1. Taking the 0 to 90 degree range and rounding to the nearest ten, how far is the long axis of helix 67-81 tilted relative to the main principal axis of the chain, both from C-alpha atoms?
2. In terms of the Cα gyration tensor, with a ≥ b ≥ c the square roots of its eigenvalues, is segment 6-182 rounded because a/c is under 1.5, prolate because a/b exceeds b/c, or oblate?
3. Where Lys and Arg each count +1 and Asp and Glu each count -1, what net charge lies around residue 213 among other residues with Cβ under 10 Å from its Cβ?
4. How do 191, 54, 266 rank when sorted from fewest to most other Cβ atoms within 10 Å of their own Cβ?
5. Fully extended, how many nm does the chain gain between residue 325 and residue 220 (0.36 nm per residue separation, minus their Cα-Cα distance)?
6. Over the chain, what is the relative contact order in whole percent, taking alpha-carbon pairs under 8 Å and six or more residues apart?
7. Assuming 0.36 nm per residue, please report the length gained on full extension of the stretch residue 247 to residue 232 beyond their Cα-Cα distance.
8. With axes computed from alpha carbons, what is the tilt in degrees of helix 255-267 against the longest principal axis of the chain, rounded to the nearest 10 within 0 to 90?
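Here, each number is a calculation from the coordinates, and none is a lab measurement. All values reported here derive from a predicted model rather than from experimental measurement. Here Cβ is always computed from backbone atoms with ideal geometry, including for glycine, and neighbour counts include all displayed protein chains.
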Amino acid sequence: MPDHARLVVVTPVRDEAWILDRFLAVTSRFADRIVVADQQSTDASRDICRRYPKVKLFENPSAEYDEASRQLLLLDAARAEVPMPRIILALDADEVLAADAPGSAGWTRLRELPPGTVIALERVELVGATAWCLRQSRCSVLGYVDDGAPHLPRPIHSRRIPYPEGAPLAELPDVQVLHYAWLRPSAVAAKARWYSALENCLGTCPWTMKRRARYHDLMTSMSRARIEPSCASWFEGWEAQGIDMRSVREERSYWYDDEVLRLFQKWGARRFWLDDLWEVDWEECRRAALARGEAGIPPTPVATPPLLLRRMMRVIDPLYRRQRALRHRFSGRRGPGG
């Protein structure tokens with residue numbers, strides 16, 4: 001890839017004001033262009049985007065969750081906005097490039113990769129506080145040296161960038177992306193509830209026990225992980241430029257739970273009685289959402305599953321996970337699954 005290849009970062013946004021300043025301040029220092037698709041944010045996200053000259057802000061008008069349409073919107077916008085040759089990095093707003101990454105050998109290699117190459121970087125999970133982290137054993141696919149190949153995304157849990165069959169994969173483990181999500185575990189839990197409810201509606205994970213196991217595994221993964229100290233060099237270079245890399249603000253409520261309430265209203269709460277959603281006080285959430293003037297919220301209290309049913313599911317859960325683990329052991333399959 002020639003030296004003059006432009007690096008464009010594509011990012012979906014919805015109510016990301018808690019971290020968007022940090023993300024854009026860092027990303028503006030290494031990207032030639034930042035393409036943001038905002039999906040009806042109600043916080044200061046759009047105002048923050050307008051403060052950064054490299055940001056091109058687009059509107060994602062969809063009221064529904066659809067990763068496929070969102071990714072295609074971002075990719076089409078990036079290709080229209082930034083001419084070839086270009087490198088596309090697909091980062092979420094809570095994924096911030098480490099300060100020592102631009103000076104690494106992997107970053108130099110990234111800028112020299114030929115068109116059609118898929119790029120994988122190490123995504124580091126910051127846990128509890130920025131001083132601690134979980135290192136991943138495998139790199140995450142986050143970029144593509146664009147050659148105009150079509151993107152074939154899925155509606156949920158989709159790869160973010162084109163990945164043509166037979167495309168070369170460049171793994172760059174010395175380029176770290178810091179993932180801040182787990183510094184707000186209550187937000188992760190709310191998002192997991194939303195994803196579980198979405199998969200129920202979309203039919204992407206139709207088996208109830210598989211859905212329950214999938215999101216249980218997500219929420220307990222950090223308790224089983226080997227946590228280690230974060231590298232100071234990931235933060236220091238950006239901090240020296242005046243960027244706050246440490247503070248994280250928890251919030252009283254998250255829009256993910258509002259979306260679950262809207263699914264209750266659309267589909268009826270009984271559809272979700274077997275999902276692992278019922279440790280939340282949905283009546284408190286419902287009243288708070290109505291007080292904020294949120295649309296599409298149930299006007300009457302949510303019908304919750306009987307206590308006996310909830311207790312029965314809590315008994316079945318560990319039995320299912322145990323037999324699943326045995327099945328994977330004997331089949332040789334690894335990782336979460338059905």
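1. 20 degrees
2. Rounded, since a/c falls under 1.5.
3. Surrounding charge for residue 213 is +3.
4. Fewest-to-most Cβ neighbours within 10 Å comes out as 266, 54, 191.
5. Once the chain is fully extended between residue 325 and residue 220, it gains 36.3 nm.
6. Relative contact order of the chain: 16 percent.
7. 3.9 nm
8. Roughly 50 degrees between the two axes.
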